[in-house]
Amino acid sequence: MKTINCFCGASFEEDIKDKIDTDKDPIQISRILDGSFMSFTCPKCGKTLRPEFPLILYGNNIDLEFIPEIDRNRFLTGRKKTTSMQVVIGMGELKEKFLIRKYNYDDRIIELIKLYLLKKADNDLDITIMFSGKESSRIIFHIYGLKEGEMGISKLPESIYNNIENNLEDKLKDPGIAEFLSLPYRSVNTISTEVL
Ligand SMILES: [Zn+2]
């Protein structure tokens with residue numbers, strides 16, 4: 001059990017696991033995708049709370065550590081280590097990673113497309129780009145930070161994905177690209193996040 005503290009002053013206990021076997025408990029993947037994972041309602045004021053707790057997910061082809069957003073800089077500066085094959089930081093990245101799996105995409109290619117979108121955007125902005133699904137053979141990305149409080153949407157033809165897929169082995173010969181796509185933290189956010 002873990003204690004959750006609400007802004008209203010109430011605190012309550014929830015049964016929050018620190019390890020999930022995604023083969024035995026696949027419902028948790030559905031909950032990650034629909035946003036109900038690690039989402040709780042305060043019994044006193046009714047507010048929805050989304051606290052982030054450290055978590056290991058394992059199963060068929062899954063060996064993933066979820067690191068709470070609050071620990072992002074600790075991980076990026078090497079003060080926090082992982083023993084998992086791959087890490088994601090923050091709930092948005094956790095959801096994105098399972099969404100990529102749902103569409104049977106390769107996360108290396110998705111991150112390369114995000115890198116391309118990031119380079120096209122204004123360097124001075126603190127931009128976050130998230131894969132968010134597919135609509136009639138167009139790959140959808142949500143872009144945060146272009147304008148205060150607004151979300152941009154980029155819809156790219158799937159042919160861009162297929163072209164990168166066809167040239168992936170060549171691209172990986174570039175040490176910079178190989179480093180960018182290396183594990184455990186394979187994310188364009190390593191570039192767009194300023195480490196403090
Ligand atoms: Zn409350």
- Expected unfolding gain across Ala121-Arg101 under the 0.36 nm per residue rule, minus the alpha-carbon gap, is 4.6 nm
- Sort out the exposed loop GluC sites (Glu not before Pro) in the chain (DSSP loop, at most 11 other Cβ within 10 Å) and tell me the longest stretch that has none. 1-147
- Across 5 Å bins from the origin, how do the percents of Cα pairs in the chain run, short distances first? 1, 6, 14, 17, 19, 18, 13, 7, 3, 1, 1, 0
- segment 44-119: antiparallel DSSP beta bridges as a percent of all, rounded to 5: 55 percent
- Note on the structure: Glu179 and Thr83 label points (each 7 Å along its Cα→Cβ direction) are spaced in nm at 2.9 nm
- Task: Quick one: pull the percent of accessible area on segment 80-138 belonging to carbon and sulfur, 1.4 Å probe, ligands and nucleic acids left out.
- Result: 44 percent
- Task: Place a +1 charge on the Cβ of each Lys and Arg in segment 65-182 and a -1 charge on the Cβ of each Asp and Glu, then give the dipole magnitude about the Cα centre in debye, rounded to the nearest 20.
- Result: 260 debye
- Item | Label point distance in nm, Glu150-Thr41, each placed 7 Å from Cα along Cα→Cβ | 3.5 nm
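The values are calculated or read from the model by the stated rules, or taken from the named source; none is laboratory data. Note that the structure is a prediction, hence the values are computed from the model and not measured. Positions of Cβ are generated from backbone atoms using ideal geometry, with glycine treated the same way; all protein chains shown enter the neighbour counts. Side chains are part of the model used for accessible areas, which takes the heavy atoms of the whole protein and leaves out ligands, DNA and RNA. Shrake-Rupley method; radii C 1.70, N 1.55, O 1.52, S 1.80 Å.
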